[in-house]
Amino acid sequence: MAIAGGFAFVLPLGMVPGAKDVLLIALLVYTVLRLPKIHACFGPFVRDPLMWWILAWPVWLAISLAWSPSPIFGGEELRAWRMLLVPILLWPVMHRYRLLVMAFLLGCLVVVLVQLGQIIGVPGFELDIQGRADAWMHPILAGAMLATAAMWMLTGVLQWQGNRAVAMAAGLIIVVIGLVLTGSRGPWVSMAIAGSMLVIGTLALCPAARKRTCTMGALGIVAICGLVLLDVYVLSGKLTGPVRNRLETALLETDSSSGDDHYEIALGGWHRTPIGYRLLVWQGARDVFLDHPLIGVGAGGLSANLEDAWWLSDPAAQAEGIPLRSQHLNPHSMYLQVLASTGIIGCLLLIIPMILAASRLVGRASDPIFFGSAFVLVAWAAGAAFDGYQMMTAQIGMLMFVYAAALLSRNTNRESAT
């Protein structure tokens, strides 16, 4: 349990990427040592069809290496899926899943502490090159982890009472502040989508929490309006300014995409902006998918099929004369990359276990941890539309952490029935 809790704690700490692997190996070694005494507990795990659905997509991705023009890049995409071990290795202590979730939330609070150090200007705590509080990792990863943590905390606020609800409310405020400080728009969108669905789901499926949800919703709206007014008239926009600037920049970059000559813009122009690049690479991935709709071009093969799209090339690689086909392209959308690389078959194999897991977890509406896990999965799935989560080790670890809850949910439901 100590090793499992340590893994959950370091999962959101992208500034120490090796810690996850060290603890995962420790879990593997300890599980193997104890296997003669605990092997019987894996029976329900192996018999659960969801587990086989979870395995289906990485297996299909590995098979697609057979027709990939860049199997080395495909191997890099497969590497993050070592986190498939997470549900297996956590299974012997999954009856304490709530404690594992709390360990994860504590890790997210550490992320925010680092961000506050960056904002305050503590020596050694510098902002990133764009002035964002990235917590010493990619700001998208930091934002995604905080957005998922917010779902568990929001569920606790809506369903728990007393000190636990107060603690969850305080934690929610802290992680939302951290989420804003990342400046990552994709996680903002994912939290807005998942949070809205969580509130609607609570009203529909949790009769005992309806009154509390309406009350907390009204208080939340009043608090947000009050904070915005305070910031605008007293603090001169110091809190809302970064959000407004990021949104205005996104609109400006989107507007700049209109017209037929943006492909001719000099290096460093519109196509190098975050929104501009995404729109172009999404178009490229879509075109590759339409050319290979059923099985895709194979893992890692996207860039080999876009060799004439010079505007998608990395500036440093392009300066060195490295062609795009020799670069590992990230289309910044998990779904478009999966469609282009593994086709409709691969996309279905990825999405089906997500739907199955969410449906199980939504069925546990009376348990805030399991119910909140469903909307953690929604936030993860929404954020993956804007970035390649399936290539990020921490994000696959997060997905497997939620899948573990879905696997446990089925078995605890059966135990309750008997």
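State whether one or more residues within segment 172-180 are within 14 Å of Phe371 (Cβ to Cβ), crowded, with 24+ Cβ neighbours inside 10 Å and either at pLDDT below 90 or within 18 Å of the chain's Cα centre (by Cα) (or both).
Checked against the condition, which is being within 14 Å of Phe371 (Cβ to Cβ), crowded, with 24+ Cβ neighbours inside 10 Å and either at pLDDT below 90 or within 18 Å of the chain's Cα centre (by Cα) (or both), segment 172-180 yields no hits at all.
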The residue from Ala204, Ala169 that alone is open to solvent by 50 Å² or more (accessible area, probe 1.4 Å) and at pLDDT 90 or above is Ala204
Got a number for residues in segment 42-53 being open to solvent by less than 50 Å² (accessible area, probe 1.4 Å), in a helix (DSSP H, G or I) and touching a residue at least 24 places away in the same chain (Cβ under 8 Å)?
-> 5
Of Gly321, Gly363, which residue is small (Gly, Ala, Ser), closer than 30 Å to Arg96 by Cβ and surrounded by fewer than 19 Cβ atoms within 10 Å (Cβ to Cβ)?
-> Gly363
Confirm whether Leu78 is open to solvent by 30 Å² or more (accessible area, probe 1.4 Å), among the hydrophobic types (A, V, I, L, M, F, W, C) and either within 22 Å of the chain's Cα centre (by Cα) or under 28 Å from Gly296 (Cα atoms) (or both).
-> yes
Within segment 343-360, which residues are open to solvent by less than 20 Å² (accessible area, probe 1.4 Å) and among the aliphatic types (A, V, I, L, M)?
-> Leu350, Met354, Ala357
Considering each of Ala4, Ala56, Ala26, Ala66 in turn, give the residue that is open to solvent by 30 Å² or more (accessible area, probe 1.4 Å), touching a residue at least 12 places away in the same chain (Cβ under 8 Å), in a helix (DSSP H, G or I) and touching a helix residue (DSSP H, G or I) at 6+ places or on another chain (Cβ under 9 Å).
-> Ala26
Would you mind telling me which numbered condition in (1) open to solvent by 50 Å² or more (accessible area, probe 1.4 Å); (2) modelled with pLDDT of 85 or more Val281 fails?
-> (1)
Answer yes or no as to whether Trp91 is in a helix (DSSP H, G or I), open to solvent by 10 Å² or more (accessible area, probe 1.4 Å) and under 19 Å from Ile355 (Cβ atoms).
-> no
Is there a residue in segment 120-136 that is at pLDDT 90 or above and of a type outside the set (Gly, Ala, Ser)?
-> yes
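Which residue out of Ser341, Ser366 is hydroxyl-bearing (Ser, Thr, Tyr) and not in a helix (DSSP H, G or I)?
Numbers: Ser341 fails: not in a helix (DSSP H, G or I).
Exactly one residue qualifies, and that residue is Ser366.
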Out of curiosity, is Gly171 closer than 20 Å to Ala8 by Cβ and either in contact (Cβ under 8 Å) with a residue 60 or more places away in the chain or among the aromatic types (Phe, Trp, Tyr) (or both)?
-> yes
Can you tell me which of Ser257, Ser236 is closer than 20 Å to Phe386 by Cβ, at pLDDT below 75 and in a loop (DSSP other than H, G, I, E, B)?
-> Ser257
Give me the pairs, please: first residue somewhere in segment 396-418 and at pLDDT below 60, second residue anywhere and not aromatic (Phe, Trp, Tyr), beta-carbon distance under 6 Å, and either six or more positions apart or on two chains.
-> none
Scanning for something open to solvent by less than 50 Å² (accessible area, probe 1.4 Å) and assigned to a loop (DSSP other than H, G, I, E, B), does segment 369-376 turn up at least one residue?
-> no
Some residue of segment 133-154 being acidic (Asp, Glu) and open to solvent by 10 Å² or more (accessible area, probe 1.4 Å) = yes
Only one of (1) farther than 18 Å from Trp188 by Cα; (2) of a type in the set (Gly, Ala, Ser); (3) at pLDDT below 70 is not met by Ala250, so which one is it?
-> (1)
In segment 285-296, what count of residues is obtained for those that are open to solvent by 10 Å² or more (accessible area, probe 1.4 Å) and closer than 22 Å to Gly75 by Cβ?
-> 3
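The values are calculated or read from the model by the stated rules, or taken from the named source; none is laboratory data. Small disclaimer: the values here were computed from a predicted structure and weren't measured. A quick note on method: Cβ atoms are made from the backbone with ideal geometry, for glycine too, and the neighbour counts reach across all protein chains shown. We work out accessible area using only protein heavy atoms, side chains counted, and drop any ligands, DNA or RNA first. Shrake-Rupley method; radii C 1.70, N 1.55, O 1.52, S 1.80 Å.
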